[in-house]
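First comes the structure, then the notes that go with it.
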Amino acid sequence: MAYLEIKDFRKTFGNNNVLKGISLSVEKGEVLSIIGSSGSGKTTLLRCMNFLETPDTGVMILDGETLFDAEKDKKIKENALREKRLNFGLVFQSFNLFPQYSVMDNITLAPLLQLKERCKKDKTVNFAEGKQKILAEAEQLLEKIGLTEKAAEYPYQLSGGQQQRVAIARALALKPKILCFDEPTSALDPELTGEVLKVIRSLKGEDRTMIIVTHEMGFAKNVSDKVVFMAQGVIEEEGAPKDVFDNPKSEKLKAFLSGIKDKEGE
Amino acid sequence: MSFLQINETLLRGFGLTCLIFIITLAVAIPLGLILSFGIMSKISPLRKILNVFIWIIRGIPLMLQIFMVYYLPGILNNGVSFWGDVDKYFYFNYGIENGGALLAVLISFIINYACYFAVIFRGGIQSVSRGQTEAGMVLGLTKKQIFRKVILFQVIKKITPPMSNEIITLVKDTALANAIGIVETIRAAQNFASGFPPVIWPIFYSGVFYLLFVGFLTVLFNFLEKKLSFYKE
């Protein structure tokens, strides 16, 4: 059985049928890219996986454990969702760093709050020790994203690319089983996308399981193990990157890819 | 009547001005926060009722609201009002005169200002982008943690300018308390004018008390705004 398995996710907003039965699977350590034109439901799919939206139907199984079953979890409580969410990390298109916290505090806020909770429940947990560990890990993360010297700065003092790298570090600090990216470079100037993509690529080297919604076709092609093409709420085509990009079968994918080539040729 | 004596009387009135100001703020701010959650609630009937309530409170002069709180209980109950009992209670337990009127003023002010604050708080909370809440959610923060650790501070920064306006207005609105006989700063000054022999200048002089108080608040708010400007969006 695959590491992550999604079966028949459907989601409707009012009259808008956004997801019309999506099933997909991801193996451990695999990088899955989701491509497709805007409005195809990619972002909604990602948001459903992260429990920011609740699918109307469908099942999600992670590492053999049923995380979500629409039949049973229709009225799921916020607290239960919170636990489930921690299996995933999500990097947003618009970064969403907390502006009032320094880079370091952005990364350590959630881990420290979790540590505090653990200390409350279990008196044997040592807060000072835990905190030191969290800070040390955060420093390693900062080194990994190449922003060690920016630790004390505030998000507004950073470029978009730097902010997004911090957002990636913030997500990694919670050690999610699967890291998701929602168009991580779409809000960036072209000259800044490279630094973010480089960080994502370096994560692939660490065998991280990642799901990336992206418009960067070149990047998707060479970083992914598997590519899914979505159109109008369904998976139109999926497969290895070279098959999807070099040998598209469906008309929609062909049109989508040639549309992008035209744009890049401009 | 010496200058010192007049100052002493005005200061006593100003004490009441400050008392109304402080108690109103201390109760209306938390109440306004609760109200603001009400007008952002997902429960539509609750939202509608509260919005009508806020419309009424913001739509009627505060002076009229003071009259309503103070006189309506008596009118509706054949001329027997409980404010007299409140007067007695305060007088015999704490030696405070006119306690009923003071309580009526406080109730009117608190309700009135809570409504204005609620609208300011709602604006502040809604202006923090949804992405901040979602970032907190995917980081596994509880709703309470998201509000306290992520949203609240950004809201405080955003509402400081409109709140400083509203709070400065409150300083001067306290003068309305004299409509039902509270001897606050203005009434204390008026008493000199209607005394014998009449002394007029304290009425104009009383403005100095308000000016100094508002000056102090302005400095305080400027300091706060400066403190909060260590980051930008």
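Structural remarks
- Within region B:196-228, being more than 26 Å from the chain's Cα centre (by Cα) and either part of a helix (DSSP H, G or I) or touching a residue at least 12 places away in the same chain (Cβ under 8 Å) (or both) holds for B:199, B:201.
- Test: residue in region A:82-92 that is in contact with a strand residue (DSSP E or B) (Cβ under 6 Å, 6 or more places away or on another chain), facing chain B (nearest Cβ under 9 Å) and over 26 Å from residue A:66 (Cβ atoms): yes
A quick yes/no check of all residues on (1) over 21 Å from residue A:28 (Cβ atoms); (2) in a loop (DSSP other than H, G, I, E, B):
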residue	(1), (2)
A:161	yes, no
A:165	yes, no
A:184	yes, yes
A:191	yes, no
A:201	no, no
A:212	no, no
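- The sole residue among A:37, A:33 that is at pLDDT below 95 and either under 17 Å from residue A:238 (Cβ atoms) or part of a loop (DSSP other than H, G, I, E, B) (or both) is A:37.
- The sole residue among B:96, B:29, B:6, B:20 that is touching a residue at least 60 places away in the same chain (Cβ under 8 Å), touching a Leu at 6+ places or on another chain (Cβ under 9 Å) and not aromatic (Phe, Trp, Tyr) is B:20.
- Selection of region A:108-125 for residues being in contact (Cβ under 8 Å) with a residue 12 or more places away in the chain and part of a loop (DSSP other than H, G, I, E, B) yields an empty set.
- Elements of type helices (runs of 4 or more DSSP H) contained in region B:1-114, each with 1 or more residues being within 20 Å of residue B:178 (Cβ to Cβ) and among the polar types (S, T, N, Q): B:3-39, B:62-76
- Evaluating residue A:131 against the criteria (1) more than 10 Å from every other protein chain (Cβ to nearest Cβ); (2) closer than 25 Å to residue A:51 by Cβ leaves one unmet condition, (2).
- Test: residue in region A:99-107 that is in a helix (DSSP H, G or I), in contact with a strand residue (DSSP E or B) (Cβ under 7 Å, 6 or more places away or on another chain), touching a residue at least 24 places away in the same chain (Cβ under 8 Å) and within 12 Å of chain B (Cβ to nearest Cβ): no
- When A:223, A:196 are screened for being surrounded by fewer than 21 Cβ atoms within 10 Å (Cβ to Cβ) and touching a helix residue (DSSP H, G or I) at 6+ places or on another chain (Cβ under 8 Å), only A:223 passes.
- Residue A:184 fulfils the conditions (1) within 16 Å of the chain's Cα centre (by Cα); (2) over 21 Å from residue A:104 (Cα atoms); (3) not aliphatic (A, V, I, L, M) except for a single criterion, (2).
- Search result, residues across region B:174-233 that are hydrophobic (A, V, I, L, M, F, W, C), in contact with a helix residue (DSSP H, G or I) (Cβ under 6 Å, 6 or more places away or on another chain) and within 14 Å of chain A (Cβ to nearest Cβ): B:228
- Residues that are within 22 Å of the chain's Cα centre (by Cα) and surrounded by fewer than 13 Cβ atoms within 10 Å (Cβ to Cβ) were ranked within region B:64-95; the one that is nearest to residue B:31 (Cα to Cα) is B:64.
The values are calculated or read from the model by the stated rules, or taken from the named source; none is laboratory data. Quick caveat: nothing in here was measured; it's all calculated off a predicted structure. Using ideal geometry, Cβ is built from the backbone for each residue, glycine included, and neighbour counts are taken over all protein chains shown.
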